[in-house]
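A.B. asks: Dropping the structure in here first, questions after.
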Amino acid sequence: MLYLRNLLFCCCVILFSVNGFSQNVNTRGIPKKEDSAGNPKNTYAIIIGISKYKNISPLEFADKDAKSFGNFLLSNAGGSVPAANVEEFLNEQATRTNVGDAISQMARKAKPGDRVYFFFAGHGDMEDLTQIENGLLLLYNSPNGNYFGMNDDVLEIINLKRYLSPLSERGVEMIFVVDACHAGNLKGGVQGIEQTATALAASWGKEFKILSCQPNQLSLESESWGGGRGLFSYELEDGMKGLADLNNDGIVSMYELQSYIQSNVAKYSEGKQIPMITGDLSKPFIKVIPSVLAELKRSKEKDFPMIARVNTKGSEDKYVDSLDAEGKKLYASFNKNIEEKQLILPEDTNALKDFRKFEKKYPGNPLTTNMRRNLAASLNERFNDIVEPLLKGETSYSSRDECYYAEMELDSCMSLLGPEHYMYQNLKARKLYMDAMAYTWALNENEYNAGMRPAILHAIKQLEQSARLEPNASYTLSSLGVLYTYIYEYGKADSAFQKFLTLRPNDYFAKYSLGIIYFQLKQFDKSENIFLSLLENYPADLNVKLQLINVYWNAEKVNQATVLIDKLIAVDSTKAIGYFNKALLFSTAINVDSSVYYYNLAKKYSSDYISVCDNNTGQIYFVTGQNDSARKYFNQVLARDSSFPLAHFNLGTIEQKEGNLSAAMKEFFATIDLSSASLQGFITNMQLYFGKTYDTSDRAAYKEFSRKTFLFNMQYASYLSMLYTYIRVGRLIDSTENINFLFDQLFTYKTHDDLTWFHNACYKALRKDIPGALESLEKSLKLGFGNYFMLTCDNDLAILRDKPEFKALVQKYFPDSLKGKSR
């Protein structure tokens, strides 16, 4: 939340003696730095920060500002001031006795060439408005009024001037940092705050003064700045660390610091707080540490800007009192609707409607600015609640309806603030994100189907625009990565998750997703490295172990897979899944007895594996020619669970092989309908599928091909099976409309593009469209199709094999050294 700090000291003041520097201006208007930022002989600091007062209204982050500034001085960037030279007084420690003693000691120690910081963050006030050159810094025990009856609990500006100005005359660099113009129900009211600020702004001698705001303004503080800081002191530190170094010469001058803090404080306060600096602006101030500046810039790149909420703590009372009865009623209604979160709905009464009425009826009223800011902050709250857990790497429990309402509120916020507002592009990016999430929030593979593709494409378009507007929003990149996988754009998904990891380098989800993506792209080495890294950090994570087994299996690293599987079997809680994976290894080797044995063990240890084990048992009977036994197991599975897609696919394949084409099509349709978009299955003995026949004259090559395992998306495999069901029926091969529809579906599975073009070539060859078949075949090869056996032995391509163009393609993509190597 953003708070206005006591108007009292709306000036954060920095004063230090200039020691005779003159101001020269270069041709670009930037004062020249006539020497480097000198190294003082010694640096001392008195730091005061009071948020919790004993008798007057509290502030939020004044003590945090003071603590932060002290830490800055102790750091390398702040000059590595020795801790013994820094006196810090926070909250109840900030009494006149403690502060007075520190000032006295510092005055005795400081010598010419030394530097002294005096930092104050807290309330300022003045109830005797006749003392036009005076003001008060209120310490912890300060009363609320009758200040001059308790001199021990305030610091008079005029006394600070009398006491400290002589030090600057003696050559001590006196630097005052005072941020005290905060809103509050103080005795002197707004006038007291303004008078204190004016007293600070008056010239004392050879000092620089940096005031946190103009005398008629308030200093702002908010949770949105630095996790809870005053805007001025937060920007001041960043400027001193090097962000204010406009000409990149490694030194921040007072002119550069003024330019930086005025620009940034005015920007984030929407022109309501503008710092002041007086004095010789050419003065070199502080050296920049390159490593500190580089780290700060990296941190800023990851910043998540938010609209800060204002709490004026009583400073608005006089403006409310000046309203007529209707205005007071409207203002009260506005605040009530804000509190009850009736921001844009219901239509008959909401905060936005109240604000529009108030703005129109009372143009130029000072209350309007804070009303607009508070309404804008409220309109962002739903969005913030949704994404805040994501920014922390946690789960966000929301809904698509919530995302829809968040989008509406962000749209209203954009209209409220207008395109010139510094947050407008961020708001637009977040509105686009919420629009995408209103369609796809918490989408999972069990929900997604091909009918949702238009919604996915719309969401991706919105997210891509959002990422361009706000490239450091990690949640947008994560969502993009996920949605790309639904349309099989794994290269784009990889890029999105890589960018995500630059923002959240240790994020489990991003790394796990990348491992899956590399697996899909058949980049098994990269996938293996990612899952090994995750396993090192999460040694008990079963999902990581299973993915790693899958990678080893497909990379033909059987020994490594076996070691992991045996470790699963050795633990009671993972014994069943270990036996299941052991059975898969024997199934791949077409070892019927061993695979059936381990499938039965898996069922014994967990009833959850009954259906999948029976399906796989039926599959191994099928590939060994025992169709009746296979059919029995598949029917057994469907009798138990009619929605099990793999059993439908396997039954369809048997029906297709036995010539029952209508029954086959019915099973393939069921597979598509029941499969999730990402469901995959392993196919061995490819020669048994799709009604294919092959030239078997090279028995060794044929045997190697039949033993090879292929990984298919099950929806894709079903569409492909349906395609060949049409192709194998003479009268249907010319059913162009249906076949084109099937190819349209196949081409949506991007990871299988090379395979789809291969089968497109087979289809065209069977239709004796030789030029078309050769063209499709070349596209397939260019995309990476690498199965030499299928290319040279699939009988569907027989018509092409004597063609010189075909031989040229084989020679180009499979020179003699590559022959026999399969994909």
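A.B. asks: Just one of (1) hydrophobic (A, V, I, L, M, F, W, C); (2) assigned to a helix (DSSP H, G or I); (3) within 28 Å of the chain's Cα centre (by Cα) trips up A540, so point out which.
C.D. replies: So A540 meets the others, but not (2).
A.B. asks: Okay, moving on. Any residue at all in region 704-726 that is in contact (Cβ under 8 Å) with a residue 60 or more places away in the chain and over 30 Å from A555 (Cβ atoms)?
C.D. replies: yes
A.B. asks: Does region 492-509 contain at least one residue that is on the phi > 0 side of the Ramachandran plot, part of a loop (DSSP other than H, G, I, E, B) and surrounded by fewer than 24 Cβ atoms within 10 Å (Cβ to Cβ)?
C.D. replies: no
A.B. asks: Just a yes or no: is a residue in region 290-304 touching a residue at least 12 places away in the same chain (Cβ under 8 Å), of a type in the set (D, E) and surrounded by 17 or more Cβ atoms within 10 Å (Cβ to Cβ)?
C.D. replies: No, because not a single residue in region 290-304 is touching a residue at least 12 places away in the same chain (Cβ under 8 Å), of a type in the set (D, E) and surrounded by 17 or more Cβ atoms within 10 Å (Cβ to Cβ).
A.B. asks: Would you say Y439 is touching a His at 6+ places or on another chain (Cβ under 7 Å) and farther than 17 Å from S678 by Cα?
C.D. replies: The answer is yes for Y439.
A.B. asks: Let me ask another. Among all residue pairs at least 6 apart or on different chains, which show Cβ distances below 8 Å where the first residue, located in region 484-506, is under 15 Å from A467 (Cα atoms) and the second is of a type in the set (K, R) and in a helix (DSSP H, G or I)?
C.D. replies: Partner pairs satisfying both residue conditions: Y484/K492; L501/K511.
A.B. asks: Tell me, which residue of region 735-751 that is assigned to a helix (DSSP H, G or I) and touching a helix residue (DSSP H, G or I) at 6+ places or on another chain (Cβ under 8 Å) is surrounded by the fewest Cβ atoms within 10 Å (Cβ to Cβ)?
C.D. replies: Selected residue: N738.
A.B. asks: Filter region 693-716 for residues that are over 16 Å from G625 (Cβ atoms) and basic (K, R); which is modelled with the lowest pLDDT?
C.D. replies: K708
A.B. asks: Looking only at residues that are open to solvent by 60 Å² or more (accessible area, probe 1.4 Å) and part of a helix (DSSP H, G or I) in region 781-798, which one is nearest to F758 (Cα to Cα)?
C.D. replies: K782
A.B. asks: Being under 25 Å from K764 (Cα atoms), at pLDDT below 90 and touching a helix residue (DSSP H, G or I) at 6+ places or on another chain (Cβ under 8 Å) is true for just one of L679, L732. Which residue is that?
C.D. replies: Answer to the check: L732.
A.B. asks: Residues of region 110-125 being within 38 Å of the chain's Cα centre (by Cα) and not small (G, A, S), which ones?
C.D. replies: F119, F120, H123
A.B. asks: From E394, E407, grab the single residue that is more than 15 Å from I307 (Cβ to Cβ), at pLDDT 95 or above and acidic (D, E).
C.D. replies: Being more than 15 Å from I307 (Cβ to Cβ), at pLDDT 95 or above and acidic (D, E) holds for just one of E394, E407, which is E407.
A.B. asks: Here are the criteria: (1) at pLDDT below 95; (2) loosely packed, with under 13 Cβ neighbours inside 10 Å; (3) charged (D, E, K, R). Tell me which single one K360 does not satisfy.
C.D. replies: Status for K360: all satisfied but (1).
A.B. asks: Could we say that A630 is over 48 Å from the mean Cα position of the chain (by Cα) and either within 23 Å of L711 (Cβ to Cβ) or surrounded by fewer than 17 Cβ atoms within 10 Å (Cβ to Cβ) (or both) here?
C.D. replies: Yes.
A.B. asks: Give me the pairs: first residue in region 581-601 and among the basic types (K, R), second residue open to solvent by 30 Å² or more (accessible area, probe 1.4 Å) and outside any helix (DSSP H, G or I), beta-carbon distance under 9 Å, and six or more apart or on different chains, which are they?
C.D. replies: Here the result reads none, with nothing in region 581-601 linked to a residue that is open to solvent by 30 Å² or more (accessible area, probe 1.4 Å) and outside any helix (DSSP H, G or I).
A.B. asks: Okay, next question. Could you tell me which numbered condition Y439 fails, if it satisfies all but one of (1) open to solvent by less than 30 Å² (accessible area, probe 1.4 Å); (2) hydroxyl-bearing (S, T, Y); (3) part of a helix (DSSP H, G or I)?
C.D. replies: (1)
A.B. asks: Between I132, I175, I158, which is of a type in the set (V, I, T), surrounded by fewer than 18 Cβ atoms within 10 Å (Cβ to Cβ) and modelled with pLDDT of 65 or more?
C.D. replies: I158
A.B. asks: So for region 631-649 (the condition being among the charged types (D, E, K, R), in contact (Cβ under 8 Å) with a residue 24 or more places away in the chain and farther than 28 Å from Y512 by Cα), does at least one residue qualify?
C.D. replies: yes
A.B. asks: It is to be established whether one or more residues within region 28-39 are surrounded by fewer than 15 Cβ atoms within 10 Å (Cβ to Cβ), in a loop (DSSP other than H, G, I, E, B) and modelled with pLDDT of 90 or more.
C.D. replies: Scanning region 28-39, I find no residue that is surrounded by fewer than 15 Cβ atoms within 10 Å (Cβ to Cβ), in a loop (DSSP other than H, G, I, E, B) and modelled with pLDDT of 90 or more, so the answer is no.
A.B. asks: Continuing with the same structure: Can you give me the number of residues within region 73-88 that are free of Cβ contacts under 8 Å to residues at least 24 places away in the same chain and either hydrophobic (A, V, I, L, M, F, W, C) or in a helix (DSSP H, G or I) (or both)?
C.D. replies: Number satisfying all stated conditions: 3.
A.B. asks: Scan region 762-782 and report the pairs whose first residue is within 19 Å of I733 (Cβ to Cβ) and whose second residue is at pLDDT 95 or above and polar (S, T, N, Q), with Cβ atoms within less than 8 Å and a gap of 6+ or a chain change.
C.D. replies: Filtered contacts from region 762-782: K764/S776; S776/N760.
A.B. asks: Can you tell me how many residues within region 239-282 are open to solvent by less than 10 Å² (accessible area, probe 1.4 Å), assigned to a helix (DSSP H, G or I) and either closer than 16 Å to E221 by Cβ or of a type in the set (A, V, I, L, M) (or both)?
C.D. replies: Matching residues across region 239-282 total 5.
A.B. asks: Oh, and also: One residue is enough: does region 752-762 have a residue meeting the conditions part of a helix (DSSP H, G or I), farther than 20 Å from I727 by Cα and out of contact with any Gly (no Cβ under 7 Å at 6 or more places or on another chain)?
C.D. replies: No: region 752-762 contains no residue that is part of a helix (DSSP H, G or I), farther than 20 Å from I727 by Cα and out of contact with any Gly (no Cβ under 7 Å at 6 or more places or on another chain).
A.B. asks: When the residues of region 377-395 are narrowed to those that are under 21 Å from K428 (Cβ atoms) and polar (S, T, N, Q), which ends up nearest to the chain's Cα centre (by Cα)?
C.D. replies: Filtering first and then ranking leaves N384.
Matching residues to (1) closer than 24 Å to D753 by Cβ; (2) in contact with a helix residue (DSSP H, G or I) (Cβ under 8 Å, 6 or more places away or on another chain); (3) in contact (Cβ under 8 Å) with a residue 12 or more places away in the chain:
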position	(1), (2), (3)
A510	no, yes, yes
F519	yes, yes, yes
F524	yes, yes, yes
N529	no, no, no
S533	no, yes, yes
E536	no, no, no
P539	no, no, no
N543	no, yes, yes
Y552	no, yes, yes
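A.B. asks: Does V116 qualify as being buried (at least 22 other Cβ atoms within 10 Å of the Cβ) and either among the aliphatic types (A, V, I, L, M) or farther than 30 Å from E295 by Cα (or both)?
C.D. replies: Judged against the criteria, V116 is a match.
A.B. asks: Oh, and also: Residues in region 365-415 that are closer than 30 Å to V320 by Cα and part of a loop (DSSP other than H, G, I, E, B): how many?
C.D. replies: 3
The values are calculated or read from the model by the stated rules, or taken from the named source; none is laboratory data. All of these numbers come straight from a predicted model, not from anything done at the bench. As a convention, Cβ positions derive from the backbone with ideal geometry for all residues, glycine included, and neighbour counts pool all protein chains shown. All accessible areas refer to the heavy atoms of the entire protein, side chains included, with ligands and DNA or RNA removed. Shrake-Rupley method; radii C 1.70, N 1.55, O 1.52, S 1.80 Å.
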